[in-house]
Amino acid sequence: MKIRLLQGLSVLALATGAAQASTNISVSYLQPSGTVSGDLPIEVWVQISVDRQIGNELGAPFGFDADDLPRTTMVKDWFSDTPREAEFAAYSGLSIFRGYSCTPSCDVAGYQFSVAPSDRLDGYTSWLGDSLRTGSFLVGTYVPDGSHVIGNITFTVLPILAFRLYGVSTTGENLVSNIGPAGGFTPCSGSASSECSFSRSITAVPEASTWAMMLIGFAALVSRRLSGHRR
């Protein structure tokens with residue numbers, strides 16, 4: 001079951017010091033809400049889009065605007081508990097992380113969460129690299145546990161896309177910093193928690209007698225059509 005209805009796209013923009021939007025990156029649920037029978041699995045699909053190519057092979061600034069890259073980052077010395085600020089002298093690489101978070105657990109009433117295999121072409125989780133792939137990706141699947149819970153259910157899985165920048169300081173230290181939000185890009189926009197939700201209206205599973213009546217009706221319809229063709 002793969003439902004791809006694009007709704008509520010949430011766009012997050014990296015801004016320059018002049019507050020001018022530069023690199024536009026979006027992560028969104030393909031169908032944040034809908035209706036499904038309680039005996040069917042629910043796949044979580046997300047859409048990733050960007051307005052330019054981003055990759056390590058491009059060299060610094062890796063497809064971002066130069067102003068998008070952090071000038072400094074906080075480092076912590078082994079001998080001190082107080083972090084200090086260090087300045088980037090050069091940028092050496094970029095890694096891209098796709099993942100998800102759940103609070104407090106990915107499992108919800110009536111369902112258990114199964115992560116998408118990372119070796120699938122559309123796999124989203126446990127994947128990192130140095131070139132951004134856009135398109136639709138499967139995060140995982142909610143599998144019914146047999147309890148047949150019905151009603152409106154909010155699922156807790158939140159997809160995350162993060163960019164990690166590597167470089168060296170003016171004193172030769174190895175530095176690491178995030179590009180964009182510290183927690184990564186998600187379907188959320190600022191503090192709008194309503195955009196973070198992924199929900200379904202779960203309906204009751206049809207009883208066996210109902211299925212039997214539907215099959216009988218379908219057989220009768222097919223029989224009538226075949227009889228009409230023979231005349």
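Consider Ala182 against the criteria (1) closer than 30 Å to Ala90 by Cβ; (2) in contact (Cβ under 8 Å) with a residue 40 or more places away in the chain: it satisfies all of them except one. Which criterion is unmet? All conditions are met except number (2).
If you go through region 66-95 and keep only what is in contact with a Phe, Trp or Tyr (Cβ under 6 Å, 6 or more places away or on another chain) and closer than 30 Å to Gln47 by Cβ, you end up with Gly93, Leu94.
In region 57-73, the count of residues that are in a strand (DSSP E or B) and farther than 14 Å from Leu165 by Cα is zero. Residue-level check: of (1) surrounded by 14 or more Cβ atoms within 10 Å (Cβ to Cβ); (2) assigned to a loop (DSSP other than H, G, I, E, B); (3) small (Gly, Ala, Ser), Ala86 misses just (2). Checking each residue in region 110-125 for being within 25 Å of Ser199 (Cβ to Cβ) and polar (S, T, N, Q) picks out Gln112, Ser114, Thr125. Of the listed requirements (1) of a type outside the set (A, V, I, L, M, F, W, C); (2) within 25 Å of Phe137 (Cα to Cα); (3) surrounded by fewer than 15 Cβ atoms within 10 Å (Cβ to Cβ), Lys76 misses just one: (2).
Buried (at least 16 other Cβ atoms within 10 Å of the Cβ), among the basic types (Lys, Arg), out of contact with any Lys or Arg (no Cβ under 7 Å at 6 or more places or on another chain) and not in a loop (DSSP other than H, G, I, E, B): does that describe Arg98? In short, yes.
Quick check: anything in region 144-154 at pLDDT 90 or above and in contact with a Leu (Cβ under 9 Å, 6 or more places away or on another chain)? Yes, that holds for at least one residue. Conditions: (1) more than 18 Å from the chain's Cα centre (by Cα); (2) closer than 29 Å to Thr72 by Cβ; (3) polar (S, T, N, Q). Ser147 meets all but one. Number of the miss? Of (1) more than 18 Å from the chain's Cα centre (by Cα); (2) closer than 29 Å to Thr72 by Cβ; (3) polar (S, T, N, Q), only one is false for Ser147: (2).
Scanning region 111-128 for any residue that is over 21 Å from Asp39 (Cβ atoms), of a type in the set (A, V, I, L, M, F, W, C), over 12 Å from the mean Cα position of the chain (by Cα) and surrounded by fewer than 15 Cβ atoms within 10 Å (Cβ to Cβ) turns up at least one such residue.
The values are calculated or read from the model by the stated rules, or taken from the named source; none is laboratory data. What you are looking at is a predicted structure, and each value in this text was computed from that prediction instead of being measured. FYI the Cβ positions are ideal-geometry reconstructions off the backbone, even for glycines, and counts take in every protein chain you see.
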